[in-house]
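Below is one structure; the comments refer to it alone.
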Amino acid sequence: MSERPLPADQQFFADLLSGLVLNPQQLGRVWFAHRPATLPAGSVSVEWPRLEVVLRGEYENRLIAEQKLIGQGEMLFLPARAVTMSTFEKPVMLLSIVFAPSWLGLAFHDSRSGQTGYPQRKIELSHPERGERTAMLMALTHLSASPQDQAIIQPLTLSVLHWCRKVVSTRPEAGLSRGDFLFQSICNWVQENYAGPVARESVAALFTITPNHLSRLFSQHGTMSFVDYVRWVRMAKARTILQKYHLPVGEVAKRCGYPDSDYFCRLFRRQFGLTPGEYRARFQ
């Protein structure tokens, strides 16, 4: 029995990415967009990281003098909330990739079509945030402070393109509803980001849904509320740290997302019947 083919637009981007990763000698310098203190008039800021690949022609970011001529094979990486002022005045074919928490977005621009600024093909593929993608994008974001290190930056960017090709070449998983997928994506995100501020409103905004929608996802697809799930993840991490490491309780609290150590201790004792110190003593 033959495998089910990819949808047409997905196959288009799979072929496009294959052409890039199988011919790495055609790829050139990686440029970086900046995060200015104020948003210049006419510029665009994107909440999530983005990668622009010039397939043919010339591309321009007017905000940075050196980026007024980004040529064929060169790339522009935009860390989260970075700003660009792109133009399509010259003939250019461009692949734009957006790395959102629960999906991967790809758009193909061809200014020769006359539809300046509008993509000719565009897809969004559901894909939960995984550790390998997060690590690569974080590394690229840090390397934006030293853009001269192209010997490190270019192979890393090629790895990102390989990862994108793998995702785009994967057939959609049958039987997983959008609600199930979104719920799993949010859970994965919490498990990766539990140490920072995690509020219902900010997480809902990150996944472009309302706070009430987020709460319904957890009531319909989970076994506890969103707030209880965040606390459950943090308490599980706290137990692991207390078992393995001899850190002050205040440091354990901070690593688990609780700047107030007294509040952390109250939550821990309420959940496990022991203070963090008493719990750690059992493993010494």
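The values are calculated or read from the model by the stated rules, or taken from the named source; none is laboratory data. As the structure is a computational prediction, the values presented were derived from the model and not from experiment. Cβ sites come from the backbone with ideal geometry, for glycine too, and all protein chains shown count toward neighbours. For accessibility, only protein heavy atoms count, side chains too; no ligands or nucleic acids. Shrake-Rupley method; radii C 1.70, N 1.55, O 1.52, S 1.80 Å.
A full extension of the chain between PHE272 and SER177 corresponds to an added length of 30.7 nm, given 0.36 nm per residue minus the alpha carbon distance. Plugging the Kirkwood radius over Cα pairs into Stokes-Einstein for the range 12-91, at a temperature of 4 °C and a viscosity of 1.567 mPa s, what D comes out in µm²/s? Translational D for this selection: 97 µm²/s.
Extension gain for the segment THR240 to ALA195, taken as residue separation times 0.36 nm less the Cα-Cα distance, is 14.8 nm to one decimal.
Per residue, the solvent-accessible area of the chain (1.4 Å probe, heavy atoms of protein chains only, all protein chains present) comes to 53 Å². Listed values for the range 258-274 are Karplus-derived 3J(HN,Hα) couplings in whole Hz (6.51 cos²θ - 1.76 cosθ + 1.60, θ = phi - 60°), namely 10, x, 9, 5, 5, 5, 4, 4, 5, 5, 4, 5, 5, 7, 10, x, 9, and x replaces Gly and Pro. For the range 173-250, applying the loop criterion from DSSP together with a ceiling of 10 other beta carbons within 10 Å to the GluC sites (Glu not before Pro) yields GLU173.
Split the accessible area of the range 165-284 by element, probe 1.4 Å, and carbon with sulfur accounts for 49%.
Binning the C-alpha pair distances of the chain at 5 Å intervals from 0 yields a P(r) profile of 1, 5, 10, 13, 14, 14, 12, 10, 8, 6, 4, 2, 1, 0, 0 %, listed from the shortest bin outward. Residues ASP260, ASP180, ASP110, ordered by accessible area of protein heavy atoms at a 1.4 angstrom probe radius and largest first, appear as ASP260, ASP180, ASP110. Restricting attention to the chain, lysine pairs at least eight places apart or on different chains and with alpha-carbon atoms under 30 angstrom apart total 6. Shown here for the range 238-284: trypsin sites (Lys or Arg not before Pro) in loop regions (DSSP other than H, G, I, E, B) with at most 14 other Cβ atoms within 10 Å, namely ARG282. The string of couplings for the range 276-281 from the Karplus curve (6.51, -1.76, 1.60, θ = phi - 60°) is x, x, 5, 5, 5, 4 Hz, one whole number per residue in order, with x for Gly and Pro. Of the chymotrypsin sites (Phe, Trp or Tyr not before Pro) found in the range 213-281, those that fall in a DSSP loop while having at most 13 other beta-carbon atoms within 10 Å are TYR245. Identify which of VAL83, VAL252, VAL167 has the largest mean-square fluctuation in a Gaussian network model of the chain, with springs joining Cα atoms closer than 10 Å. Comparing VAL83, VAL252, VAL167 in the GNM, the peak value goes to VAL252.
Computed from Cα positions, the angle between helix 8-21 and the longest principal axis of the chain comes to roughly 80 degrees. Protein-only accessible surface at a 1.4 angstrom probe places the residues HIS246, HIS162 in the order HIS246, HIS162, largest first.
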